[in-house]
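The values are calculated or read from the model by the stated rules, or taken from the named source; none is laboratory data. Remember, it's a predicted structure, so these values are computed and weren't measured experimentally. Positions of Cβ are generated from backbone atoms using ideal geometry, with glycine treated the same way; all protein chains shown enter the neighbour counts.
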Amino acid sequence: MENSYKERLRGLGKYGLFIAFFAICLTLTFLAPTFLTVQNLMIIVTQVSINALLAFGVTFVIITGGIDLSVGSIVAVTGIAAATFAHPDTYPVIVPIGMGLLAGLAFGAFNGFIITRSKVPPFIVTLGTMTVGRGLALILSKGRPISNLSDSFNFIGGGKILGVPTLILILIVTFIICSVILRKTVLGRYMYAVGGNEQAARASGIQLSTVKMVVYALSGGLAALAGILLTSRITTGQPNAGAGFELDAIAAAIIGGTSTSGGTGTMTGTLLGALLIGVISNGLDLLNVTSYYQQVVMGVIIIGAVVLDSLNQSTR
Amino acid sequence: MQANQDYILQVRGLTKTFSGVKALDNVQLAVRRGEVHALMGENGAGKSTLMKILIGLETPDSGEIRFEGEDLTTGHVRDVMKKGISMIHQEMLLVPELTVAQNIFLGREKNGKLFSWLNDRNLNHQAAELLKQMGVNIAPDTPMKRLSVAQMQMVEIAKAISNDAKVIIMDEPTSALSDKEVATLFGIIKDLTAKGVAIIYISHKMDEIFAISDTITVLRDGTYIGTKPAAELDIDTLITMMVGRKIESLFPSSKTERGNEVLSVKNLSRQGEFEDISFSAYAGEVLGIAGLMGAGRTEIARTIYGLDKPDSGDIYVQGERIDIKSPQEAIERGIGYVSEDRKKLGFIPRLSVRQNITLSSLRQHAKGGLLQAKSELAAAQTVIADLKIKAASPNQSVVYLSGGNQQKVVIGKVLLSSPSLVILDEPTRGIDIGAKAEIYKLINQLKEKGIAVILISSELPELLGLSDRILVLAKGKLTATLSTDEATQETIMRYAMQP
């Protein structure tokens, strides 16, 4: 009897997020007539997409038992790197994109390098590189926004293809790729193994340092993608862009069921977590709740998600 | 070293030091093809370190490892596995979040190439085949965390043999297995050795060692003692080799006068754990508590020590009825508890020997809230000397000590809070015979000092050898109180099996 109760609790943990998400959407549909319109839903997904991309990268990292606080700063550095090469009539659009992605991958690989070579915890290392990154963005841009970007660059994050915002299309494609990496490749399996039991992973012949390097580089690369898209969308490279984004990204992963102790988590969960954050802030906007209250609500939801997760853990 | 074709694995002059302590000193080992080679030694003798070096988890300071004539000294885990050495880890190194099949093949999917596709259906199929061959009934897609400990151990075994290894190291492979599963494992070992696979077998269970091994190598305190064919050894000689001295008598007799009643428990009950328990413990007496797993022994100890609350019943200490709400109150009342789970409730791994020993009595060494380092160190040193704790220094971290010495640290901590009652819950679990003898001596010393000792143990010889009276529990109920004259292994078991 006790067993079936535990089973039920576990089940609730598994589908709790779906249930919560649809319950909130349903409630908002009744309370705010404009909520369930194609236009509003597109607004939500567009607003969510930058955070979701960051959250995908952070999910990889948290699954291996690490954390990445530097993604917000990577958004700024890579945005500046891209904007520098994106003025009209200079380089083809592939150059700013390539420079941005390269900068992000390098930044992430650097995180991974320090974390695997030193025994300093990822929290500290990425806290440090977060500050370094912000400084780099200010140095590279001389503290000023970089505007006057080419139309083709501005199209990447601000355009529409067949009426669908490019941001949404990129989000969908990235989501699929990240899911496949996690579920269908050896790399993904090793991420779960490293986070689930590092000693067992090592004893099974897995090179911990390689897996971690790749994971932090991936996180950096996804942050770069977010940085490029954000710069393109606001048509300016902002050295202060992305401040605090890391916390929203971590929140999305955690609400989505990624355990901070490592070893569990899915991309679907993280996407749902990011969407939940977006839907709630959009809904509260539509209901004319001030942003002060929105922050309180968001905090309560994050803690609630972790409590649910720990309940889940203790019923094992 | 002469390359001898008979030997698949030859180790010579291996030395390894951990933070100043020599774990291995000039150790050698030579394993033949197709033999079961038992590696024996007390905890802390260096067996685990040697095995970790063999599979590439640790690098030796110096020495030579030859595998099939090739140098293996600087091997990495994956190279070693590829060459054909695999290991069944005592700690069961498995990933709880992954499935059985995923765990079995972990690290070897597509040769571990990071950017390649997984084929879980294929893995499940292979795993199912393997488990079927082993005669084990576990679905390959079950998540690891749903398995029982015995099932996990079988998966760990499957993982090791799935590698087509030429040498398989088995570190305490039967600790969680039932007799039937042990028989299955021994059958598997027979098949493997018939194919020329060599097994390095580590176990504390003497009957297993003599049942299965061809050759025995003994280590002691990190040094090589000797290698002999199993047929030329008997248990006594082997123990002497392991311990370095003859253990004259494990249980020296100790006669003391029974003193005052220290603890009295009346009609104590806790739902689902134990029911209507009444007994007394006296100064200068060892009160043994016997019972099968789940009989409620540990639960009663936890309740007396304030870790759990009783549903009903009374506890009297020195004749006064008290309500113990926390371990802190229990300690203040003079009750000490040495838990069966050393690692969880016994010591704090990050802290040093000194810090662990003084943890419960730290206030005695503080003035105005400030710690008095000298007095703390003096107290710790006294305990280290009294209990003969083997540590490089009082500031050494407890994790580097052997199981027996860790246990002494925990007992030392309890003694420093000057208890009048000490509850020892499985005090010799997982520690070797030499350290056991010392713990037994210590128990007698406590009793002679006039401390009331409650000894919970699953090892009947230990209970019979040390106790003055023995309580027997069965399914949460007290079924007998036996005097030393009445108590035998048979009578205890009879009462322990009662409904």
Being in a loop (DSSP other than H, G, I, E, B), more than 20 Å from the chain's Cα centre (by Cα) and within 21 Å of B:ILE423 (Cα to Cα) is the filter here, so list the residues in the range B:336-371 that pass it. B:THR358, B:LEU359, B:SER360, B:SER361
Among residues belonging to the range B:21-58 that are within 14 Å of another protein chain (Cβ to nearest Cβ) and closer than 20 Å to B:GLY430 by Cα, point out the one that is nearest to the chain's Cα centre (by Cα). B:SER48
Kindly list the number of the only condition in (1) over 20 Å from B:PRO96 (Cα atoms); (2) crowded, with 19+ Cβ neighbours inside 10 Å; (3) not acidic (Asp, Glu) that fails for A:THR210. (2)
Pairs, first polar (S, T, N, Q) in the range B:129-145, second modelled with pLDDT of 90 or more, C-beta under 6 Å, six or more apart: B:THR142/B:VAL100
Within the range A:145-189, which residues are within 14 Å of chain B (Cβ to nearest Cβ), touching a Leu at 6+ places or on another chain (Cβ under 7 Å) and crowded, with 17+ Cβ neighbours inside 10 Å? A:ILE181, A:THR185, A:VAL186, A:LEU187, A:GLY188, A:ARG189
Is the range B:217-232 home to any residue that is in contact (Cβ under 8 Å) with a residue 60 or more places away in the chain, in the same structural domain as B:GLY84 (by TED's automatic domain parsing) and more than 26 Å from B:ALA23 (Cα to Cα)? no
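Would you check if there is a residue in the range B:457-464 being farther than 30 Å from B:LEU219 by Cβ and either of a type outside the set (A, V, I, L, M, F, W, C) or part of a helix (DSSP H, G or I) (or both)?
Let us first name the residues in the range B:457-464 that are farther than 30 Å from B:LEU219 by Cβ, namely B:463-464.
After this cut, where a residue has to be either of a type outside the set (A, V, I, L, M, F, W, C) or part of a helix (DSSP H, G or I) (or both) as well, the list is B:463-464.
The answer is yes, given that some residue of the range B:457-464 is farther than 30 Å from B:LEU219 by Cβ and either of a type outside the set (A, V, I, L, M, F, W, C) or part of a helix (DSSP H, G or I) (or both).
Do the conditions hold for B:SER361, that is, is it polar (S, T, N, Q) and touching a residue at least 12 places away in the same chain (Cβ under 8 Å)? Walk me through how you get there before you give the answer.
Values: polar (S, T, N, Q): yes; touching a residue at least 12 places away in the same chain (Cβ under 8 Å): yes.
So B:SER361 passes the test.
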Any idea how many residues of the range B:57-86 are at pLDDT 90 or above and closer than 15 Å to A:ILE206 by Cβ? 1
Across (1) in a helix (DSSP H, G or I); (2) within 14 Å of another protein chain (Cβ to nearest Cβ), A:ARG233 clears everything bar (2)
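If you check B:LYS309 against the conditions, is it surrounded by fewer than 21 Cβ atoms within 10 Å (Cβ to Cβ) and modelled with pLDDT of 90 or more? Break it down stepwise before answering.
Numbers: surrounded by fewer than 21 Cβ atoms within 10 Å (Cβ to Cβ): yes; modelled with pLDDT of 90 or more: yes.
For B:LYS309, the condition - surrounded by fewer than 21 Cβ atoms within 10 Å (Cβ to Cβ) and modelled with pLDDT of 90 or more - is met.
Within the range B:58-76, track down each residue that is in contact (Cβ under 8 Å) with a residue 60 or more places away in the chain and at negative phi. Before you say what the answer is, go through the steps one by one.
From the range B:58-76, those in contact (Cβ under 8 Å) with a residue 60 or more places away in the chain are B:64, B:66-69; that's our starting set.
Residues satisfying the conditions are B:GLU64, B:ARG66, B:PHE67.
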Helices (runs of 4 or more DSSP H) wholly in the range B:1-108 with at least 3 residues that are assigned by TED's automatic domain parsing to the domain that holds B:ILE216 and more than 20 Å from A:TYR190 (Cα to Cα) - which ones? B:47-54
Check off (1) surrounded by 18 or more Cβ atoms within 10 Å (Cβ to Cβ); (2) of a type in the set (Lys, Arg); (3) farther than 30 Å from B:LEU24 by Cβ for B:ARG342 and give me the number that stays unchecked. (3)
Pick from B:VAL265, B:VAL286: which is without any contact (Cβ under 8 Å) to a residue 60 or more places away in the chain, touching a strand residue (DSSP E or B) at 6+ places or on another chain (Cβ under 7 Å) and either surrounded by fewer than 19 Cβ atoms within 10 Å (Cβ to Cβ) or under 22 Å from B:ILE492 (Cα atoms) (or both)? B:VAL265
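Scan the range A:206-226 residue by residue and report those that are part of a helix (DSSP H, G or I) and without any contact (Cβ under 8 Å) to a residue 60 or more places away in the chain. Before you say what the answer is, go through the steps one by one.
First, the residues of the range A:206-226 that are part of a helix (DSSP H, G or I): A:208-226.
A:THR210, the sole residue that qualifies.
Tally up the residues in the range A:75-94 that are in a helix (DSSP H, G or I) and not β-branched (Val, Ile, Thr), please. Give the steps one after another, and end with the answer.
Here is the first cut: in the range A:75-94, the ones in a helix (DSSP H, G or I) are A:75-84, A:94.
Applying the additional criterion that residues be not β-branched (Val, Ile, Thr) yields A:76, A:79, A:81-83.
Qualifying residue count for the region: 5.
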In the range A:202-230, the residues that are aliphatic (A, V, I, L, M) and at the interface with another protein chain (Cβ under 7 Å from one of its Cβ atoms): A:ALA203, A:ILE206, A:VAL214
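Taking the range B:79-135 as the region of interest, how many residues are among the charged types (D, E, K, R), facing chain A (nearest Cβ under 9 Å) and farther than 22 Å from B:GLY196 by Cα? Break it down into steps so the answer makes sense when it comes.
As a first pass, look at the range B:79-135 and keep what is among the charged types (D, E, K, R): B:79, B:82-83, B:91, B:97, B:108-110, B:113, B:120-121, B:129, B:132.
Subsequent filtering for residues that are facing chain A (nearest Cβ under 9 Å) retains B:79, B:82, B:91, B:97, B:108-110, B:113, B:120.
Applying the additional criterion that residues be farther than 22 Å from B:GLY196 by Cα yields B:91, B:97, B:108-110, B:113, B:120.
Number of matching residues: 7.
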